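For reference, the structure discussed in these notes is given below.
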Amino acid sequence: MGRVLQLAVLTVFLALLAYQLPDLGNKLGIFEEAVPIEPGNCHLIKGIEYGSEDINILPGGLALISSGLKYPMLPNFAPDQPGKIFLVDLNNPTLKAVELRIARGFDVESFNPHGLSTYIEEDGTVLVFVVNHPQMTSTVELFKFEEEQLSLIHLKTIRHELLYNVNDIVALSSESFYATNDHYFFNDFLKLIEFFTVLSWGNVIYYSALEVKEVATGYGFPNGIAISLDGKYIFLAETAAFKIHVMEIKSNYMLTPVKSLNVGIGLDNLEVDPKTGDVWTGACLSAWKMFLNNPENPTGSEVIKIENILSKDVRMTQVYLNNGSVLQGASVATVYKNKLLIGTIFHKALHCELVSS
Ligand SMILES: *[C@@H]1O[C@H](CO)[C@@H](O)[C@H](O)[C@H]1NC(C)=O
């Protein structure tokens, strides 16, 4: 982004801030004090330093992690390095991230991975759908995961005019998915106005080889998307409104609202516990501190677990909270057996042993 545009963005940002201070203070977490919470013993995962924005755990305990996201206005500690997909085997006593090699004619230099989702075919083939932003555009890359070779084989790049600012994705089959567009505008300046004002033009797109369409709309920065264990409901994180929306999947793939839950923080990705159906989310404690990116006073991390999301007795628990001294800007949380993995937009990744209750 050019200097002039940066200045313009900052000016509008400050003007909006002055105008809506009480509300925004809350929204940006300026006034928050974090009392740390840890669910058990926590350790950083070796080898992840530049983000772990989205995480998907395969049934056998292998976690796929997208790293190195470059996104307008957000910090990035390795701007000269392309993004990567890491593998972490959760069955090992000490967790270590291994970079997956990307084979077969894929432009690794411009790889800028964001949300990811996996789909396992009947013969066991693992497909990985990755939202990519090469040169700040939006594509969805489809890879085949080769566990033996520790590699990803690129199968195809999906581009579509309705997939204009994709954030996250959830695979429905080997060739269909739902994806969120977090902005309507392409231009950084307009995007920012969109985010900090009442414009809620983000949407959800259904994509298949046969049909591509908008299936839900009217959200402020729609972000993480996940599917319930029974495959009947979609969970959608609306970051700007601090909400999770539960929507029913209709036979034509349209999504109809069932209910909305106020989570009280700008939540990011959503993951569903494959055993219990609990929904887990990570959130950056203060968007304001993240934008300012002061190493002396970084943004913190929060993890929330939502139990019984489909019933009347929904229970939300703050499972992890840190002021940024350990983990900055959480974006995702997911569990495998008694292990909790927490990913971040631009920082490290953490693993905690959950103490069973
Ligand atoms: C964050 O918390 C740690 C200990 O929990 C504390 O030592 C540190 O001063 C806090 N940092 C900020 C910026 O509040």
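Identify, among 197, 233, 221, the residue whose Cα sits farthest towards the positive end of the charge dipole of region 26-353, taking +1 on the Cβ of Lys and Arg and -1 on the Cβ of Asp and Glu, with the dipole about the Cα centre.
Value: 197.
Go ahead and estimate [θ] at 222 nm for the chain from helices alone: -39,500 (n - 2.57) per DSSP H run with n ≥ 4, summed, over the residue count, rounded to 500.
After summing the helix terms and dividing by residue count, I get -3500 deg cm²/dmol.
Take every Cα pair under 8 Å in region 86-132 that's 6+ residues apart, average their separations, divide by the length, and report that relative contact order as a whole percent.
Normalised by residue count, the contact order of region 86-132 is 25 percent.
How about region 240-303: which trypsin sites (Lys or Arg not before Pro) there lie in a loop by DSSP and see at most 13 other Cβ atoms within 10 Å?
Qualifying residues, ordered by number: 250, 275.
Of the GluC sites (Glu not before Pro) in region 258-311, which ones lie in a loop per DSSP and count no more than 13 other C-beta atoms within 10 Å?
Filter output for region 258-311: 296.
List the trypsin sites (Lys or Arg not before Pro) within region 38-145 that fall in a DSSP loop (any state other than H, G, I, E or B) and whose Cβ has at most 16 other Cβ atoms within 10 Å. Walk me through the intermediate numbers first.
Numbers: sites: 46, 70, 84, 96, 101, 104, 144; in loops: 70, 104.
Those satisfying the criteria are 104.
For region 98-172, compute Rh as the Kirkwood radius over C-alpha pairs and then the Stokes-Einstein diffusion coefficient at 4 °C and 1.567 mPa s; write the answer in µm²/s, rounded to an integer. Walk me through the numbers on the way to the answer.
Values: Rh = 12.7 Å.
My calculation gives 102 µm²/s for D.
Would you look at the GNM of the chain, springs on alpha carbons closer than 10 Å, and say which of 40, 68, 266 moves the most?
40
Could I have the simple spin-label model distance between residue 275 and residue 161, label points 7 Å from Cα toward Cβ, reported in nm to one decimal?
For residue 275 paired with residue 161, the spin-label model returns 4.8 nm.
Where the only charges are on Cβ atoms (+1 Lys, Arg; -1 Asp, Glu), what is the dipole of the chain about its Cα centre, to the nearest 20 debye? Each step should come with its number before you reach the end.
Details: 25 positive and 39 negative charges, 69 e Å.
In total the dipole reaches around 320 debye.
Using a Förster distance of 35 angstrom, determine the FRET efficiency expected from the C-beta separation of residue 258 and residue 89, and round it to 0.05.
Calculated transfer efficiency: 0.45.
What relative contact order, as a whole-number percentage, does the chain give when Cα pairs under 8 Å and 6 or more residues apart are counted?
This gives 17 percent for the chain.
Set the Förster distance to 22 Å, then compute FRET efficiency between residue 294 and residue 99 from the Cβ-Cβ distance, nearest 0.05.
It comes to 0.15.
If Lys and Arg each add +1 and Asp and Glu each add -1, what is the summed charge of the other residues whose beta carbon sits under 11 Å from the beta carbon of residue 258? Working shown, then result.
Numbers: positive: 232, 259; negative: 248.
Residues near residue 258 contribute +1 overall.
So which cysteines of the chain have no other cysteine's Cβ under 4.7 Å from theirs?
Here 284 come out as lacking a disulfide-compatible partner, given the Cβ-Cβ threshold of under 4.7 Å.
By how many nm would the segment from residue 317 to residue 251 lengthen if fully extended, with 0.36 nm per residue of separation less the alpha-carbon distance?
20.4 nm
Using a 10 angstrom cutoff on alpha carbons, build the Gaussian network for the chain and name the most mobile of 335, 303, 98.
Of 335, 303, 98, the Gaussian network model singles out 98 as fluctuating most.
Percent of accessible area on region 26-353 owned by carbon and sulfur, 1.4 Å probe?
On the way: 6910 of 13770 Å².
The C+S portion of the solvent-accessible surface of region 26-353 is 50 percent.
Whole number in Å², please: accessible area per residue of region 30-119, 1.4 Å probe, ligands, DNA and RNA not counted.
47
Using θ = phi - 60° and the Karplus relation 6.51 cos²θ - 1.76 cosθ + 1.60, list the HN-Hα couplings for region 115-120 in order, rounded to whole Hz, with x at every Gly or Pro.
Result, rounded to whole Hz: x, 9, 8, 10, 9, 9.
The values are calculated or read from the model by the stated rules, or taken from the named source; none is laboratory data. Every value quoted in this text rests on a predicted model; they were computed, and no experiment measured them. Neighbour counts are summed over all protein chains in view; Cβ atoms, including those assigned to glycine, are modelled from backbone coordinates with ideal geometry. Side chains included, ligands, DNA and RNA excluded: accessible areas come from the protein's heavy atoms. Shrake-Rupley method; radii C 1.70, N 1.55, O 1.52, S 1.80 Å.
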